[in-house]
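Here is the structure we will look at.
The values are calculated or read from the model by the stated rules, or taken from the named source; none is laboratory data. Computed from a predicted model, the values in this text were never measured in an experiment. As a convention, Cβ positions derive from the backbone with ideal geometry for all residues, glycine included, and neighbour counts pool all protein chains shown.
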Amino acid sequence: MDFQGIHDHLRAVRAPGLVGVDEPRPPIPGEKHGQFKDPGRGGDPFAIVDPQSIVEFLRVCRDDPRLAFELLIDLTATDPKADDPNLWVNLNLLSVARRHRLAIKALLPKSSLRMPSSTAIYRAAQWHERECAEMFGITFVGHPDPRHILLPDDWVGFPLRKDYEFPKEYHGISCE
């Protein structure tokens with residue numbers, strides 16, 4: 001099934017939390033040959049989901065026989081700009097049986113970086129969520145093991161956020 005078919009099916013079954021979609025768009029030509037007013041957006045189309053409904057949405061994606069997304073292949077986050085008030089949480093699902101995939105994004109305000117853990121639906125989310133918690137400061141409510149896996153427990157800040165300022169030193173060790 002292609003993205004449009006997946007989206008139509010998610011709408012038909014009223015998948016909880018489905019907010020909309022964003023599809024790639026071609027660039028808008030500028031005034032001179034070869035220049036563009038808007039560079040467009042490349043990449044894969046993705047479903048936009050309310051972060052507080054992510055567990056119910058993923059359950060539909062996994063359990064609906066027409067979708068059958070049995071694998072979570074990635075869960076990460078992106079911080080578009082330092083002054084942007086939001087982060088995107090990005091998930092990618094794969095159905096080996098149906099031979100299709102789905103990209104999902106959930107918008108989280110930086111003032112409240114909390115969303116339910118997806119580990120009850122996909123066990124692979126455990127490692128991904130731990131990394132996102134350390135690198136972006138997202139709290140995954142209900143995560144079974146929120147310990148750090150990359151940074152020391154006393155590390156200050158979230159290194160993959162655009163507003164992060166790298167320390168000059170950590171416990172007497174130069175970070176420059």
By residue number, the members of the range 14-30 that are surrounded by 13 or more Cβ atoms within 10 Å (Cβ to Cβ) and in a loop (DSSP other than H, G, I, E, B) are A15, P16, G17, P27
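Quick check on C175: is it buried (at least 19 other Cβ atoms within 10 Å of the Cβ), out of contact with any Cys (no Cβ under 6 Å at 6 or more places or on another chain) and not aromatic (F, W, Y)?
no
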From the option list D84, D38, D44, single residue qualifying as at pLDDT 90 or above and among the acidic types (D, E) is D84
Listed by first then second residue, the pairs whose first member lies in the range 123-144 and is among the charged types (D, E, K, R), whose partner is part of a strand (DSSP E or B) and surrounded by 15 or more Cβ atoms within 10 Å (Cβ to Cβ), with beta carbons under 7 Å and at least 6 positions apart or on separate chains, are E129/L75; E129/F140
* To do: Tell me, yes or no, whether the range 57-75 has at least one residue that is part of a strand (DSSP E or B), hydrophobic (A, V, I, L, M, F, W, C), surrounded by fewer than 17 Cβ atoms within 10 Å (Cβ to Cβ) and at pLDDT 95 or above.
  => yes
Of those in the range 137-163 that are part of a loop (DSSP other than H, G, I, E, B), under 27 Å from L94 (Cβ atoms) and among the β-branched types (V, I, T), the residue modelled with the lowest pLDDT is I149
Item to complete: Evaluate the following for E134: is it out of contact with any strand residue (DSSP E or B) (no Cβ under 8 Å at 6 or more places or on another chain) and not in a loop (DSSP other than H, G, I, E, B)?
Response: yes
Going through the range 76-115 in order, the residues found to be within 11 Å of I138 (Cα to Cα) and part of a loop (DSSP other than H, G, I, E, B) are K110, S111, S112, L113
Practice prompt. Restrict the check to the range 146-162 and report whether at least one residue is more than 30 Å from H9 (Cα to Cα), buried (at least 16 other Cβ atoms within 10 Å of the Cβ) and in contact (Cβ under 8 Å) with a residue 60 or more places away in the chain.
Written response: yes
